[in-house]
Amino acid sequence: MNEGFQEEERLHARASFDTFCLNTPWGALYHAVSPPPPRSAKRIADRLASVLRFWDVLQGPRYAFWSFDDDYTLEALMDDVWRKTLEAWCPGGPAPLREHLALTMERMAHATREECLEAVLRVIPLIVEGDNDLKHPEVLRDPGFLRERLSALPPEKFVSLSGAEKYTVSAQLSAWDRELGRQGAGNK
């Protein structure tokens with residue numbers, strides 16, 4: 001299907017397909033649990049809004065996610081996937097997860113670039129803390145280094161990080177970590 005479209009048409013088709021999916025309970029859940037790119041603040045806000053719209057329907061089943069041995073409730077599943085992002089956008093937000101998701105969704109939907117930057121800066125320490133594969137965690141926790149790197153990103157790359165989604169931010173941190181390793185190897 002991708003080969004049958006020009007670039008602009010492909011983007012429009014993808015957006016139309018995403019919109020269609022977000023108007024169904026299972027499409028909303030898929031886009032919230034395994035979000036395809038882009039993972040911008042606006043796009044994630046739309047996906048969270050869709051899950052919230054279908055919350056009552058999706059609340060009944062139990063879900064297998066990381067392991068088929070575990071049965072997740074909708075709340076446990078969304079907490080597992082989104083907790084770090086929720087804390088980045090709304091530190092110490094409301095205890096009921098559904099309310100925390102709604103507050104986060106509202107903030108993301110109307111966020112400025114600076115608000116997105118601050119959310120990304122808040123999620124990074126949470127990610128670095130849990131990633132034992134990073135070789136330069138102390139540098140990747142340095143706010144000055146992070147602000148410099150985030151400011152140097154091309155606009156479209158920053159937009160893809162703007163949602164503070166843990167996997168997208170983790171991939172960028174890994175890229176910076178590899179770059180730091182190459183720079184260190186070149187200095188020896």
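Some notes on this structure:
- Inclusion of L101 among residues that are out of contact with any His (no Cβ under 6 Å at 6 or more places or on another chain) and assigned to a helix (DSSP H, G or I) is warranted.
- S160 vs. criteria hydroxyl-bearing (S, T, Y), assigned to a helix (DSSP H, G or I) and more than 24 Å from S34 (Cβ to Cβ): no
- Condition check for A76: closer than 25 Å to T168 by Cβ and in contact (Cβ under 8 Å) with a residue 60 or more places away in the chain: no
- Residue selected from segment 102-126 under the condition in contact with a Phe, Trp or Tyr (Cβ under 7 Å, 6 or more places away or on another chain) and surrounded by 21 or more Cβ atoms within 10 Å (Cβ to Cβ), by the criterion farthest from W55 (Cα to Cα): A119
- Note on segment 59-80: residues that are within 16 Å of G27 (Cα to Cα), touching a Phe, Trp or Tyr at 6+ places or on another chain (Cβ under 8 Å) and crowded, with 17+ Cβ neighbours inside 10 Å amount to 2.
- Annotation: of all residues in segment 81-97 being in contact with a helix residue (DSSP H, G or I) (Cβ under 7 Å, 6 or more places away or on another chain) and exposed (fewer than 15 other Cβ atoms within 10 Å of the Cβ), the one that is modelled with the lowest pLDDT is P94.
- Residue within segment 102-112 that is over 23 Å from M78 (Cα atoms) and free of Cβ contacts under 8 Å to residues at least 24 places away in the same chain present: yes
- On inspection, R14 does not qualify as touching a helix residue (DSSP H, G or I) at 6+ places or on another chain (Cβ under 8 Å), at pLDDT below 85, under 26 Å from A171 (Cβ atoms) and assigned to a helix (DSSP H, G or I).
The values are calculated or read from the model by the stated rules, or taken from the named source; none is laboratory data. Owing to the predicted nature of the structure, the values given are computational and were not obtained by experimental measurement. Methodologically, a virtual Cβ is constructed for each residue, glycine included, from the backbone with ideal geometry; neighbour enumeration extends over all protein chains shown.
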